Amino acid sequence: MVGLGTLLFLLSAWYAVSWLFRRDMPKSKLFLIAASGAGVASILALEAGWVVSEVGRQPWIVYDLMKVEDAATANTGVWITFILVSLLYIGLAVTTVLILRMMSRRFRDRDLGEHEVPYGPSGPPPAAAPDTEEVTV
């Protein structure tokens with residue numbers, strides 16, 4: 001867990017330094033391979049952390065120094081947190097659907113030309129007319 005976390009931190013530091021000095025993402029093959037595996041590595045690090053914390057409790061239970069029910073977390077506030085997070089995600093899902101429906105309705109009502117996009121730039125700004133006033137010196 002610690003090793004993968006350190007590697008992921010170094011990968012993000014590599015990106016940050018590259019962006020800071022060159023204002024561009026690193027394009028080396030090594031960086032791109034590492035970045036493509038970063039998502040999987042983060043999940044592995046997360047699971048490894050849980051395994052380490054849960055296995056660390058087991059020796060006490062094996063030697064009958066502590067019962068399993070004493071080693072397990074007895075947090076009663078888990079249901080409140082679960083309900084609040086569930087309500088948050090339901091609210092986000094409803095908001096997303098409403099916004100997408102509104103955007104779709106606006107897109108259908110609008111008469112687009114052949115090369116226009118619904119939510120992108122409509123084209124280059126009109127050129128300013130040249131200043132025709134004469135300057136007297």
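The values are calculated or read from the model by the stated rules, or taken from the named source; none is laboratory data. These numbers come from a predicted model, not from an experiment. Here the Cβ positions follow ideal geometry from the backbone for every residue, glycine too, while neighbour counts run over all protein chains shown. Side chains included, ligands, DNA and RNA excluded: accessible areas come from the protein's heavy atoms. Shrake-Rupley method; radii C 1.70, N 1.55, O 1.52, S 1.80 Å.
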How big is the accessible area of Met25 in square angstrom, nearest 10, if you roll a 1.4 angstrom probe over the protein chains? 80
Ser104: accessible area at probe 1.4 Å, nearest 10 Å²? 50
With r defined as the distance between the Cβ atoms of Asn75 and Arg105 and R0 fixed at 41 Å, what FRET efficiency is calculated, to the nearest 0.05? 0.35
Calculate, in nm to one decimal, what Val52 and Leu65 gain on full extension: separation in residues at 0.36 nm each, minus their alpha carbon distance. 2.7 nm
